[in-house]
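First comes the structure, then the notes that go with it.
Every number here is computed from the coordinates shown, using simple stated rules; none is lab data. From a predicted model like this one, the values you see are computed outputs, not experimental measurements. Here the Cβ positions follow ideal geometry from the backbone for every residue, glycine too, while neighbour counts run over all protein chains shown.
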């Protein structure tokens, strides 16, 4: 991938574009899995952080930092997971 600096055009190969597209499609499938199983997961893991990867729950913890540690220990790249805090409470996140 090359770029022309701030505001410059970015050029990527078809191979890189295919890799990006595959990653987005993978992430989308995991988001859909979480949405489709949200109530079931909420019943099973209330007030927990859940990580989904490859359309499976790969980690659960009450603490998001520990969840990330779990994922790394299992060889799951945290940056490629869908993570969600499961609760029936209305939560307003200030980030």
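Ranked by how many other Cβ atoms sit within 10 Å of their own Cβ, fewest first, the residues 60, 50, 10, 31 fall in the order 10, 31, 60, 50. As a proxy for reagent exposure, 81, 62 were ordered by neighbouring Cβ count within 10 angstrom, fewest first; the result is 62, 81. Shape of the range 13-86 from its Cα gyration tensor (a ≥ b ≥ c, root eigenvalues): rounded if a/c is under 1.5, otherwise prolate when a/b > b/c, or oblate? It is oblate, given that a/c is not under 1.5 and a/b is not larger than b/c. Based on Cα contacts under 8 Å between residues 6+ apart, the range 3-95 shows a relative contact order of 27 percent. Given points 7 Å out from each Cα along the Cα-Cβ axis, report the residue 69 to residue 37 separation in nanometres with one decimal. Distance between the two pseudo-spin positions: 2.5 nm.
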